[in-house]
Amino acid sequence: VQERIAAVIAEGGPLEVGTRDIQDGIAVLIDGHVVMRVFDEDVDAEVEEPTAAAATRATDRLRLALGEIREARDSRQMLVAAGFALLATLVMLGVLWALLKAYGWSARRLHGFVERRSAGLTKTLGHQTVGQLGLARLAVMPLRLLAFLVGVVVVYEWLGLVLAQFPYTRPWGEALLAGLVTRLSEFVLAAMRALPGLLFVLLIFMIARFVTRLLRMFFAGVEQRRIEVPWVA
């Protein structure tokens, strides 16, 4: 079948796909040449699919493949695809630039707001653990994560659109675009499953930071003789 299809393509015809009834089956034709046959006995009896449906499925796939071959040979269509890919790239870069600017502006505003609000806080556990600057940075972390995720989605969507413009890379692009929602849902579920572990790690970090600060304050007090320790001369 591959040899017959290649021979018909080499003739340079319009690559029109059609079918013709034959004895005990259906013949699939390209430009009037028989390239394959679907017989009644070829169809799986367990799925109860008629021969015509199997032949239609085969011709649809063949028509799609030949259409992409025609497209790859058409310099005008390839030029249009390249122009669309360039436009999509410029749009993607513009969106990323706007996202970076928006993140920078929002992060500065949020950082300054938290610093001003935390300046008058008492020495609570959270304040002693991470400090005033640490609280401001901690408040900006969700915003940074959100900007990063939006940037990843933008690049992912751009890559799928660009790959889908060219016949040879179109299956990859269509797979990326079709799997975007699925991958996002999988990512969210994975993040939710990992959240308890991340919170536990954060708790360990805060406890370790608090103990370190407590020890530093203790030894500073001993050095300045504000704290008397009998076993220290």
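Computed from the coordinates by the stated procedures, all read-outs in this text should not be read as laboratory data. The model shown is predicted, which means the values in this text are computed figures rather than measured ones. Cβ atoms come from the backbone with ideal geometry, glycine included; neighbour counts cover every protein chain shown.
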How do 82-94, 20-32 rank on mean C-beta neighbours within 10 Å, highest first? 20-32, 82-94
Any idea what the dipole of region 167-225 comes to, in debye rounded to 20, about its Cα centre with Lys/Arg Cβ at +1 and Asp/Glu Cβ at -1? 280
